[in-house]
Amino acid sequence: MIINFYSTLRDIAGTQSITLDYPNGETISHIIQKIVALYPDMHYELLDDNNMIYGHVHIFVNGLNMTLIKKNSSETISNQSTLDIFHAIGGGHHTGEIHLIKKRLAFDLF
């Protein structure tokens, strides 16, 4: 599974993307918990005090925004999936990055 980080998450991970091997059928929630175990500083960016994924965190699985498809994180995904993870940011130099992400993801869908 390829996991791409954007903005602050990329800074915390120290890399743009990582490749991890998870069994098929893992939930988004479990994968986020495993990412936080690898990068503890991401906890504050991704999870609230109850270890629930913040509403402003966007997780795309193979180009589909899971936030818009389901209001929970119980969707299971394949080990061959690509995850794009970023949190909402406004203004500044990061705005162009979000537009590029959306453009790339839209291209991947068609």
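Values quoted throughout were computed directly from the atomic coordinates according to the rules given, and no laboratory measurement underlies them. Predicted model, so just to flag it, every value in this text is computed and none were measured. Here the Cβ is made from the backbone with ideal geometry for all residues, glycine too, and neighbour counts use every protein chain on show.
Sorted from fewest to most neighbouring beta carbons within 10 Å, what does the list 57, 36 look like? Display every interim value, and only then the final one.
Values: 57 20, 36 17.
The fewest-first ordering by Cβ neighbours comes to 36, 57.
What number comes out for the charge environment of residue 36, summing +1 per Lys or Arg and -1 per Asp or Glu over other residues with Cβ under 13 Å away? Here the count lands on -2.
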